[in-house]
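Values quoted throughout were computed directly from the atomic coordinates according to the rules given, and no laboratory measurement underlies them. Computed from a predicted structure; not experimentally measured. Using ideal geometry, Cβ is built from the backbone for each residue, glycine included, and neighbour counts are taken over all protein chains shown.
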């Protein structure tokens with residue numbers, strides 16, 4: 001039996017079957033990878049900064065294409081209303097409203113500090129120009145269920161609904177800006193908060209999943225054909241050893 005299995009013809013068949021399995025397996029895995037990658041969010045065109053007033057309006061939710069867009073805002077910080085956003089990467093965000101001079105304000109995350117007494121918490125005076133990325137208002141549902149008491153002047157989320165209550169009399173634009181640059185630069189700057197550029201949801205390409213299944217089916221078919229030829233070879237050898245008896249003469 002071993003002599004048959006390792007005959008030159010069957011050895012070539014074994015190698016061909018192994019090669020077919022490897023090729024079909026790799027091609028199927030490649031198509032599966034294309035399918036998985038198609039469903040992941042991917043970066044889109046990141047336009048140049050625009051005035052925040054063109055994307056954020058009081059009382060209106062941000063549109064999907066406005067999220068994470070680069071924006072600029074010019075005005076003066078209202079130091080009396082500054083808040084610290086707790087539990088952010090082991091530290092706090094500096095949240096300060098920027099008065100745009102048109103009767104509205106936009107919350108600005110000026111940066112991250114490790115503790116409430118950090119020198120970077122000092123609010124810059126005078127007119128500034130902030131460049132950053134626009135983010136939607138955060139949800140407060142999970143916060144309302146918590147019983148932990150925060151120190152005065154601290155919050156857990158940057159929520160427009162909550163800020164309206166904390167800053168009464170303020171006409172607040174929706175969302176908030178995460179600052180990436182400020183002019184003039186502050187004397188002591190907080191560490192910038194990282195914000196990803198705009199992304200677009202992926203669309204699964206089911207065709208590639210079908211291609212992956214097709215390649216794996218080809219691989220299984222190669223195994224079947226290998227088994228079929230090996231079986232026939234073994235049967236043929238067995239028949240050569242035990243030929244059918246000749247019919248008796250009449």
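Laid out as a table, the results:
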{"quantity": "For segment 171-210, alpha-carbon Rg relative to the globular expectation (2.2 N^0.38 Å, N residues)", "calculated": "2.14"}
{"quantity": "Theoretical gain in end-to-end length, residue 234 to residue 61 [0.36 nm per residue, Cα-Cα removed]", "calculated": "54.8 nm"}
{"quantity": "Approximate shape of segment 27-146 as ellipsoid semi-axes (Cα gyration tensor, √5λ), whole Å, largest first", "calculated": "33, 20, 15"}
{"quantity": "Pair residue 180, residue 194: separation of 7 Å Cα→Cβ label points (nm)", "calculated": "1.4 nm"}
{"quantity": "Inverse mean reciprocal Cα-Cα distance (Kirkwood Rh) of segment 29-91, Å", "calculated": "16.1 Å"}
{"quantity": "By average C-beta atoms within 10 angstrom, highest first, the peptides 114-123, 24-33", "calculated": "24-33, 114-123"}
{"quantity": "The chain: calculated mean residue ellipticity at 222 nm from DSSP helix runs of at least 4, using -39500 (n - 2.57)", "calculated": "-11000 deg cm²/dmol"}
{"quantity": "Stokes-Einstein D (µm²/s) once Rh is taken as the Kirkwood radius of the chain over alpha-carbon pairs, at 37 °C in 0.692 mPa s", "calculated": "139 µm²/s"}
